[in-house]
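The values are calculated or read from the model by the stated rules, or taken from the named source; none is laboratory data. Computed from a predicted structure; not experimentally measured. Cβ: placed from backbone, ideal geometry, glycine included. Neighbour counts: every protein chain shown.
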Amino acid sequence: LSPALWLNPAAGPLYVQLRKRLESGIDSGFLAPDTPLPPEREIAALTDTSRVTVRKAIADLVGKGIVVQKQGSGSYIAPRQSRVQQSLSRLTSFTEDMARRGLTTESRWLERGLFLPTPEEVMALGLAAQDRVARLERVRTIDGQPMAIERASLSTAILPDPTSVERSLYATLTARGHRPVRAVQRISAANLGKRDAELLHVAMGAAGLRIERISYLASGAVVEFTRSLYRGDAYDFAAELQIGP
Ligand code: 16G
């Protein structure tokens, strides 16, 4: 926020412009998570807007979960661990999604190798009875916090050596020319059992989102069959809907 960034009354509602300016300040890290937002009057003076405009912009940010209001002590940039908004309409990878938000991710591997497939994997990947399956199970973390447990299964034709995946499965697939272009995803609610709750650092029985993704190459060949369990308290999945038949 600097006087050089004054708003342009001809470019739409001022509070929307101001909200976007504040959002980019937060995205760029200029306004850091968990720190107080500058006082209303200061923002108003810096951007040459009224306090009503500032209040409306902040209310929008509160609505989006980007700013939180603490009783008695004003507005704060939401801490990083608040809910992650994730688009349901783009085929991206965990690493890419988080990198776009400036967050660092890590994988705690639970399983990474070739295994005898389960009947479910045989069916989803169209394997033959004697085939092995490349399986990658890991806890995915954001800034050290566990967010999801993810279990990806792939045919060995797509991924012959699962240990070649160090961080991003999609980066490995892209390098091998097997980046999926389409996916079908199914989401259902789940209460976390003991093992999963422990891995995700939440109480047993806490709400989770179970997501199944089958992704495909342009040729129609299946790339991955992935079952994930996301923390219900950490994620919002959002999709844009269009009118249609
Ligand atoms: C996402 C995908 C998962 C994919 C993974 C690759 C969902 C629900 N799942 O987590 O299917 O295998 O990204 O991530 O979105 P990576 O490239 O970071 O390893």
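For Phe237, work out the one condition from (1) in contact (Cβ under 8 Å) with a residue 60 or more places away in the chain; (2) not in a strand (DSSP E or B) it doesn't fulfil.
In the conditions (1) in contact (Cβ under 8 Å) with a residue 60 or more places away in the chain; (2) not in a strand (DSSP E or B), Phe237 misses (2) alone.
Which ones in the range 54-90 are touching a helix residue (DSSP H, G or I) at 6+ places or on another chain (Cβ under 9 Å) and within 30 Å of Tyr216 (Cβ to Cβ)?
Listed by number, the residues that qualify are Val84, Gln86, Ser87, Arg90.
Within the range 147-156, can you find the residues that are more than 15 Å from Arg210 (Cα to Cα) and touching a residue at least 60 places away in the same chain (Cβ under 8 Å)?
Ser153, Leu154, Ser155
Yes/no per residue for (1) farther than 18 Å from Arg83 by Cα; (2) aliphatic (A, V, I, L, M):
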site	(1), (2)
Val181	yes, yes
Gln185	yes, no
Lys194	yes, no
Glu198	yes, no
Ala203	no, yes
Gly208	no, no
Arg213	yes, no
Ser219	yes, no
Glu224	yes, no
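Within the range 157-165, can one find any residue that is in a loop (DSSP other than H, G, I, E, B), buried (at least 21 other Cβ atoms within 10 Å of the Cβ), in contact (Cβ under 8 Å) with a residue 40 or more places away in the chain and aliphatic (A, V, I, L, M)?
Within the range 157-165, one or more residues are in a loop (DSSP other than H, G, I, E, B), buried (at least 21 other Cβ atoms within 10 Å of the Cβ), in contact (Cβ under 8 Å) with a residue 40 or more places away in the chain and aliphatic (A, V, I, L, M).
Take Ile149 and tell me if it is under 16 Å from Ser107 (Cα atoms), within 13 Å of the ligand (Cβ to nearest atom) and either surrounded by fewer than 14 Cβ atoms within 10 Å (Cβ to Cβ) or at pLDDT below 95 (or both).
So Ile149 fails the test.
Of the residues Glu23, Glu40, only one is acidic (Asp, Glu), within 22 Å of the chain's Cα centre (by Cα) and surrounded by 17 or more Cβ atoms within 10 Å (Cβ to Cβ); which?
Working: Glu40 fails: within 22 Å of the chain's Cα centre (by Cα).
None of the other options fit; the residue is Glu23.
Yes/no matrix, rows are residues, columns are (1) at pLDDT below 95; (2) crowded, with 16+ Cβ neighbours inside 10 Å; (3) within 12 Å of the ligand (Cβ to nearest atom); (4) more than 24 Å from Thr35 (Cβ to Cβ):
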{"position": "Ser87", "(1), (2), (3), (4)": "yes, no, yes, yes"}
{"position": "Thr92", "(1), (2), (3), (4)": "yes, no, yes, yes"}
{"position": "Arg108", "(1), (2), (3), (4)": "no, no, no, yes"}
{"position": "Arg112", "(1), (2), (3), (4)": "no, yes, yes, yes"}
{"position": "Pro117", "(1), (2), (3), (4)": "no, yes, no, yes"}
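It is to be established whether one or more residues within the range 65-84 are within 16 Å of the ligand (Cβ to nearest atom) and either out of contact with any His (no Cβ under 8 Å at 6 or more places or on another chain) or assigned to a strand (DSSP E or B) (or both).
yes
Of all residues in the range 182-235, how many are surrounded by 14 or more Cβ atoms within 10 Å (Cβ to Cβ) and among the polar types (S, T, N, Q)?
4
If the requirement is being in contact with a Pro (Cβ under 6 Å, 6 or more places away or on another chain) and within 16 Å of the ligand (Cβ to nearest atom), which of these qualifies: Ser228, Ser215, Ser188, Ser168?
On the way: Ser228 fails: in contact with a Pro (Cβ under 6 Å, 6 or more places away or on another chain); Ser188 fails: in contact with a Pro (Cβ under 6 Å, 6 or more places away or on another chain); Ser168 fails: in contact with a Pro (Cβ under 6 Å, 6 or more places away or on another chain).
Result: Ser215 is the single residue among Ser228, Ser215, Ser188, Ser168 that is in contact with a Pro (Cβ under 6 Å, 6 or more places away or on another chain) and within 16 Å of the ligand (Cβ to nearest atom).
Identify all residues within the range 196-212 that are touching a strand residue (DSSP E or B) at 6+ places or on another chain (Cβ under 9 Å) and away from the ligand (no atom under 14 Å from the Cβ); write none if there are none. Talk me through it step by step, then tell me what you get.
To start, the set of residues in the range 196-212 that are touching a strand residue (DSSP E or B) at 6+ places or on another chain (Cβ under 9 Å) comprises 196-197, 199-202, 204-212.
Listed by number, the residues that qualify are Asp196, Ala197, Leu199, Leu200, His201, Val202, Met204, Gly205, Ala206, Ala207.
Which one is nearest to Ser107 (Cα to Cα) among residues in the range 231-245 that are more than 9 Å from the ligand (Cβ to nearest atom) and among the hydrophobic types (A, V, I, L, M, F, W, C)?
Checking each candidate, the answer is Ala234.
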